[in-house]
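Trainee: Structure below; questions to follow.
The values are calculated or read from the model by the stated rules, or taken from the named source; none is laboratory data. Given the structure is predicted, the values throughout are model-derived calculations rather than measurements. So basically every Cβ, Gly included, is an ideal-geometry build from the backbone, and we count neighbours across all protein chains shown. Surface areas here come from the heavy atoms of the whole protein model, side chains and all, with no ligands, DNA or RNA. Shrake-Rupley method; radii C 1.70, N 1.55, O 1.52, S 1.80 Å.
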Amino acid sequence: MNTCKLIFRNVCKNIRDYLIYFLTLTLSVSLFYAFNSISDQPAFSNMGMTGTLLYRQLGIMLSTLSTMIAVVLAFLILYANQFLLKRRKKELGVYMMLGMKKGRISRLFAGETLCVGIIALGTGLLLGFFFSQGFSLIALRLFAINLEKFRIVFSVGALRQTVLCFTIIFFIVMLFNIRSVTNVKLIDLL
């Protein structure tokens with residue numbers, strides 16, 4: 001059977017397990033994008049001296065918060081992958097008994113998580129776009145800026161930062177998954 005067909009079949013078959021993973025990734029990506037895109041709201045450029053200083057402090061706080069979100073995102077992805085691996089260890093053991101090599105099993109598992117991850121990234125970016133507009137409105141109200149200056153903005157910088165961070169984290173998780181699957185013994189899976 002073709003590996004791509006097997007990946008999609010396994011994702012559909014284990015949709016309940018992957019749904020938790022998908023929702024976790026989607027929410028994390030959307031929050032990461034939303035916090036990083038607030039600074040691109042053009043209404044913030046027309047503030048006085050005090051507002052500008054407060055806005056800079058807010059930017060520093062949001063940068064720190066987005067870094068913390070990235071770390072939490074990394075741990076959530078690692079935990080969710082370990083959860084999926086434990087839930088599916090018997091299935092992976094059956095693949096081994098049927099003669100599938102560990103390398104192919106690890107590629108299969110990595111492909112499944114990558115498939116769900118790409119869909120979650122796209123969904124999270126879309127949801128994050130809407131969250132960012134809401135967060136921008138809240139921030140404008142906090143700084144007492146006229147809401148007529150609010151513009152709907154898609155932040156390309158936040159998009160790049162989100163995709164880059166997600167890619168780095170996912171690459172590390174994939175390496176961890178490959179190592180986990182290739183080091184496991186058949187007796188441990190059954």
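Trainee: Restricted to segment 89-136, and to residues that are among the hydroxyl-bearing types (Ser, Thr, Tyr) and in contact (Cβ under 8 Å) with a residue 60 or more places away in the chain, which residue is farthest from Asn183 (Cα to Cα)?
Mentor: Taking segment 89-136 as the starting set, the residues that turn out to be among the hydroxyl-bearing types (Ser, Thr, Tyr) are 95, 106, 113, 123, 132, 136.
Still in the list and also in contact (Cβ under 8 Å) with a residue 60 or more places away in the chain: 106, 113, 123, 132, 136.
Details: Ser106: 10, Thr113: 19, Thr123: 33, Ser132: 42, Ser136: 47 Å.
Only one residue tops the list, namely Ser136.
Trainee: While we're here: Considering (1) open to solvent by 30 Å² or more (accessible area, probe 1.4 Å); (2) in a helix (DSSP H, G or I); (3) more than 19 Å from Val11 (Cα to Cα), say which one Thr123 fails and leave the rest.
Mentor: So the condition that Thr123 fails would be (3).
Trainee: Taking segment 54-77, which residues are in contact with a helix residue (DSSP H, G or I) (Cβ under 6 Å, 6 or more places away or on another chain) and in contact (Cβ under 8 Å) with a residue 24 or more places away in the chain?
Mentor: Within segment 54-77, the subset in contact with a helix residue (DSSP H, G or I) (Cβ under 6 Å, 6 or more places away or on another chain) is 55, 59, 62, 65-66, 69-70, 73-74, 76-77.
Across segment 54-77, the qualifying residues are Tyr55, Leu62, Leu65, Ser66, Ile69, Ala70, Leu73, Ala74, Leu76, Ile77.
Trainee: For segment 105-124: of the residues being closer than 12 Å to Tyr18 by Cβ and β-branched (Val, Ile, Thr), which is modelled with the highest pLDDT?
Mentor: Per the criteria, the residue is Ile119.
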